[in-house]
Amino acid sequence: MSVMSMRGGWSSVSTAPHDGTPVILWMAQDEAPPSLPEPVGFWTINPAAGVGYWWIFGDPPRFCSDRQIRGWKPILRA
């Protein structure tokens with residue numbers, strides 16, 4: 001899906017913040033974006049390996065690459 005075809009406030013994962021900011025994620029295996037603001041995750045880097053990945057909040061937490069994410073949205077602020 002191209003950046004131009006994203007709708008409803010969703011942005012391409014290629015534009016997602018990679019600075020540790022938590023965001024709502026649209027997983028690649030899901031055809032439609034999530035109706036609830038979940039899952040939420042943030043980009044982090046393993047300093048020992050020098051590899052970056054998405055840390056998805058949950059029990060247990062999950063880890064994903066950009067290829068596993070379709071899009072992202074900022075977390076709503078009150």
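The values are calculated or read from the model by the stated rules, or taken from the named source; none is laboratory data. All values reported here derive from a predicted model rather than from experimental measurement. No Cβ is skipped: glycine too gets one built from the backbone with ideal geometry, and neighbour counts run over all protein chains shown.
Overview of results
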quantity	calculated
Conditions (1) among the β-branched types (Val, Ile, Thr); (2) within 12 Å of Lys73 (Cα to Cα); (3) surrounded by 12 or more Cβ atoms within 10 Å (Cβ to Cβ); number of the one not met by Thr15	(3)
Selected residue (criterion: nearest to His18 (Cα to Cα)) from residues of region 34-44 that are of a type outside the set (Gly, Ala, Ser) and modelled with pLDDT of 95 or more	Trp43
Residues being aliphatic (A, V, I, L, M), within 14 Å of Ile75 (Cβ to Cβ) and free of Cβ contacts under 8 Å to residues at least 12 places away in the same chain - total across region 18-36	1
Positions within region 48-78 being in contact with a strand residue (DSSP E or B) (Cβ under 8 Å, 6 or more places away or on another chain), of a type outside the set (Lys, Arg) and without any contact (Cβ under 8 Å) to a residue 40 or more places away in the chain, in sequence order	Val51, Gly52, Tyr53, Trp54, Trp55, Ile56, Phe57, Pro61, Phe63, Cys64, Ser65
Subset tally (residues that are surrounded by fewer than 15 Cβ atoms within 10 Å (Cβ to Cβ) and aliphatic (A, V, I, L, M)) for region 23-39	2
